[in-house]
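Read the figures in this text as sums done on the coordinates, not as results from a lab. Because the structure is predicted, anything quoted here is derived from the model rather than measured. Backbone-built Cβ (ideal geometry, glycine too); neighbour counts: all protein chains shown.
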């Protein structure tokens, strides 16, 4: 399987997404330039094919657009992973970006939990509110069924800090979704379902 097509329409957002865990074209449009940049980096560094179109109520602010995109991307990962049999399951990665260093560790466990430790010097990067970084990854992990730990070790420039986080998550996910070769769930329970 390892692919998913998702759509979600509410009064706040209209989202269509196609995901392939094994690569493909990357095309992202959310109406928020920096967020497009981050999701393109996420897909590129994760080795994922991603086609995403989000239309949101940006006249309010960026919150609904970013959080709802995280929800839909998480659901896509959950569907693409199926019963999670035959994947490596765990991934951890450090990413340096100039003066910033970010770390991510993920367990595709079916048990959603997010630990996010980061503070940003600037409140905004273009039309992107830096506080939405945590909200995006919380929505993503909750809907994908991930235990996700993210930590900004240090950094000054918020662009570098946020980008290092997205890339660290991408590389950790790339490792975790990689085929393990045995076709079985990596669990003493025999399953990775909730």
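Each of 169, 28, 106, 72 has some number of other Cβ atoms within 10 Å of its Cβ, and from fewest to most they run 28, 72, 106, 169. Listing 36, 22 from fewest to most neighbouring C-beta atoms within 10 Å gives 22, 36.
Rounded, prolate or oblate for the stretch 89-141? Axes are the square roots of the Cα gyration tensor eigenvalues, ordered a ≥ b ≥ c, and the cut-off for rounded is a/c under 1.5. It is oblate, given that a/c is not under 1.5 and a/b is not larger than b/c. Most exposed first by the Cβ proxy, i.e. fewest other Cβ within 10 Å, how do 39, 50 rank? Result, fewest neighbours first: 50, 39. Here the sum of -39500 (n - 2.57) over DSSP H runs of 4 or more residues, divided by the residues of the chain, equals -11500 deg cm²/dmol at 222 nm, to the nearest 500.
Is the stretch 1-111 rounded, prolate or oblate when judged by the Cα gyration tensor, a ≥ b ≥ c being the square roots of its eigenvalues, rounded requiring a/c under 1.5 and prolate requiring a/b larger than b/c?
On the way: a/c = 1.79, a/b = 1.22, b/c = 1.47.
Note, shape of the stretch 1-111 comes out oblate.
Nearest-5 percent of antiparallel DSSP beta bridges in the chain?
Details: 33 of 42 bridges.
Roughly 80 percent of the DSSP beta bridges within the chain come out antiparallel.
Using a simple spin-label model with pseudo-atoms 7 Å out from Cα toward Cβ, residue 83 and residue 131 lie 4.4 nm apart. What shape does the stretch 52-133 have by the C-alpha gyration tensor, where a ≥ b ≥ c are the square roots of the eigenvalues, rounded means a/c under 1.5, and otherwise prolate means a/b greater than b/c and oblate the rest? Because a/c hits 1.5 or more and a/b fails to exceed b/c, the stretch 52-133 counts as oblate. Compared with the direct C-alpha span, the chain from residue 115 to residue 9 gains 35.3 nm at full extension, assuming 0.36 nm per residue. With contacts taken as Cα pairs under 8 Å and at least 6 residues apart, the stretch 3-177 reaches a relative contact order of 27 percent. Cα-based values for the chain, radius of gyration first and Dmax second, are 15.8, 49 Å.
Relative to the dominant Cα principal axis of the chain, helix 132-144 is inclined by about 20°. What's the angle, to the nearest 10 degrees (0 to 90), between helix 158-177's Cα axis and the longest principal axis of the chain? The angle comes out near 10 degrees. The separation of the stretch 60-121 from the stretch 30-54, counted between C-alpha centres, amounts to 13 Å.
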